[in-house]
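Here you go, one structure.
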Amino acid sequence: MNRAMLAAVGALAACVAAKTGVQAAQEVTTIAGSGAAGIADGPAQKATFLFPYGVAVAHDGSIYISDRAAQRIRVLTPAGQVRTVAGSGSIAPPGLIVPPGYHDGPALQAQFAGPEGLAIGPDGALYIADAYNHCVRKLANDEVSTVVGKCDRTGVTDGPAGVAMLNNPESLAFDASGNLYIADDGIGLRKLGTDGVLSTIRFKSYTGQSARSVAVVNSPEELVVVGGFDGVVVYHPATGTDAHFSAYTLEWPRAVPNQLAAIDARQFVFADPQAENIRYVRLPAPPFDGAVFTRAIAGGEAEHTSDNAGFANGSRAQARFYDPMGIAIAGNRAIVADGGNRRIREIVLPDLRVSGETGATADQNHYEIALVGDASMFADTIGGDSICAHIETIFNRSRRFSKPVRCRTIEVDSGQQASLDEYIKSAATSEPLNLVILDTQWRRYAASPNTDALRARVQGLLSVLAPLRTKLALVWNYPPQDVAFADAEWVQNGTWDNSLPPSPGLSYGRSLTMEKTLRDLPILQYDLYKDLVTYELRLDAPPLFTPPIGALPNPRGNAFLGDRIATGLLGAGLGLNF
């Protein structure tokens, strides 16, 4: 995409906002860089970059930036000034790059070759992944020195820092003990110990060598997250165990975490230059949260880069990026090196609602609800657009509960359905739960042809939940394809017509049979079928689910399902006495 097209995208966003009279919330802003190509220091908005790549936030709030094409290290000070702190050389024609080189010594005389990832060390120094020099450099006291690697050659050699060799170091991260982890693309994860010895860590779950980014989490346990073309690997140094999550679980069709930043042991954000956006990822926490949850939080959600790329500030949804490369967390903000736009951007992170962690949040001061659902059907999402958040809102507005209502999900993958009852029992016995809402969409669980078996199964659940004073509610839900192709007669007649062909999945007639089977048990039931079909039959109805059919609900779908579940259960009698 050329500069004219990028400008057009930004102008279009501004035009839309002007015509609609809607002023986008300033959730994404430019904090440095005019967008012009150059190496000029000065006031943040007037400073110029060639291709900002890595970012690191120092304790005093200073933001260090590696300008890869300029072969420089820049800093954005808290006072709003950009200045060069290391690197030298002049821009060569046609004006897009400073020739690379290698030289240690006084910082403003030093030379780099494609500096990328940055990390602040425990000694307060800035460590630099000098990618094309195949080494790690250090900036301290206005001097640049080589820490590890032979800067004139590439290799895979482990051993003392003076003889060890790196291939293509792209990202750096320190642990609490001062060990330096290096994402060495083409080799994998390397570790420079506090003893000065470089080693290569071999994963058990992943045998590839793609490693473009690395982040370390030090609490509650230390873990290392490595990202590359093949997804991410989570490595536990204490046990030597690891788990691989493919690129296809991070985004469809696939995501490339160029640089990532950890929020905590389960959550991180990464810049994806392939999709031209910034993504949020939450890893599973079995057994109560068994799926990876991911969403683009800024820069557009289209699968093709040509639909996302551009430049625009404003809300996270309207913002656009062009080759976002580096990312760092600073409080509730993410700092992004927007390489193609030659700017440093700041994103106000959304409310990151986390559910499903056993023992994490439930207490006696709230009316605690667990919404149990298939991870292929819904996920506890971000902030106020989750199904649980909408259930909370409706329940709290009803004033039927003596305490504030708090809802969280227990996601169950398809492979865990056989053990679903055990998961529910474990959740209810491990912490206080007032209500379990069971999303009965699963064919194995809710659509069993043996109604006696289903009744016995629910009675078994009740026998465990009743002594704990945990109530049970069943919500009869449906895969989106079951309602998208529904015959209008089903709604017009208001009853199930057995002369019509059954739905592709769980049919309305089957759910009525199951509902009658359980009607005299001390549970609440609510059927979403008519609500869903009535909505789908509206000619102007925006989709509730992201395409293709069968994917997760979008924010509109989360609102619809959460509101209807809550309203339906209230109508069925849920309240203080249930």
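The values are calculated or read from the model by the stated rules, or taken from the named source; none is laboratory data. Note that the structure is a prediction, hence the values are computed from the model and not measured. Positions of Cβ are backbone-derived with ideal geometry, glycine not excepted, and every protein chain shown enters the neighbour counts. Keep in mind that these areas ignore ligands, DNA and RNA; they rest on the heavy atoms of the full protein, side chains included. Shrake-Rupley method; radii C 1.70, N 1.55, O 1.52, S 1.80 Å.
One quarter of the convex hull surface, Cα atoms only: what value does that give for the range 105-175 in nm²?
So the Cα hull casts an average projection of 4.6 nm².
Quick one: if the Förster radius is 41 Å, what FRET efficiency do residue 109 and residue 209 give, using the C-beta to C-beta distance and rounding to 0.05?
0.70
So if we plug the beta-carbon distance of residue 62 and residue 567 into 1/(1 + (r/R0)^6) with R0 = 60 Å, what FRET efficiency do we get, rounded to 0.05?
0.75
So how do 402, 426 rank on accessible area, 1.4 Å probe, biggest first, that is with the largest at the start?
Reading off the accessible areas and sorting them downward yields 402, 426.
Could you sort 567, 207, 451 by their accessible area in this structure, using a 1.4 Å probe and putting the largest first?
207, 567, 451
Send over a whole-number figure in Å² for the accessible area per residue of the range 198-262, probe 1.4 Å.
41 Å²
Give me the percent relative contact order of the range 56-106, please, defined on Cα pairs under 8 angstrom at least 6 residues apart.
25 percent
Give the lysines whose C-alpha is closer than 26 Å to that of residue 204, dropping any in the same chain fewer than 8 places away, or say none.
Here the lysines satisfying the reach criterion relative to residue 204 are 191.
Would you kindly find the accessible area of residue 184, with a 1.4 Å probe and non-protein molecules such as ligands, DNA and RNA excluded, rounding to the nearest 10 Å²?
Counting only protein heavy atoms, the figure is 0 Å².
I've got another one for you. What does the charge count near residue 179 come to, summing +1 for each Lys or Arg and -1 for each Asp or Glu among other residues with Cβ under 14 Å from its Cβ?
Taking every Cβ under 14 Å from that of residue 179, the sum is -2.
Label points 7 Å out from Cα along the Cβ direction at residue 77 and residue 246: separation in nm?
Each label point is offset 7 Å from its Cα along the Cβ direction, giving 5.1 nm.
For the residue pair residue 238 and residue 90, what label-to-label distance in nm results when each label sits 7 Å from Cα along the Cα-to-beta-carbon direction?
5.7 nm
Reachable lysines from residue 530, Cα under 27 Å, same-chain residues fewer than 8 places away excluded?
Excluding near neighbours in sequence, the set is 471, 516.
Taking the Cα centroid of the range 190-244 and of the range 291-354, what is the distance between the two, rounded to the nearest whole Å?
25 Å
Moving to a separate point now. Tell me, what is the 1.4 Å probe accessible area of residue 323, in Å² to the nearest 10?
Estimated to the nearest 10 Å², residue 323 gives 50 Å².
Could you sort 41-47, 296-302, 60-66 so that the peptide with the highest average Cβ count within 10 Å comes first and the rest follow in order?
296-302, 60-66, 41-47
Sorting 205, 386, 463 by accessible area (1.4 Å probe), largest first, what list results?
Descending accessible area places them as 463, 205, 386.
Using a Förster radius of 25 Å, what is the FRET efficiency between residue 317 and residue 398 based on their Cβ-Cβ separation? Nearest 0.05, please.
So, using R0 = 25 Å, E works out to roughly 0.25.
Further question: Name all residues of the range 292-326 having a backbone nitrogen under 17 Å from the label point set 7 Å from the Cα of residue 26 along its Cα→Cβ direction, giving them as ranges.
Counting backbone N atoms under 17 Å from the label point, the list is 312-320.
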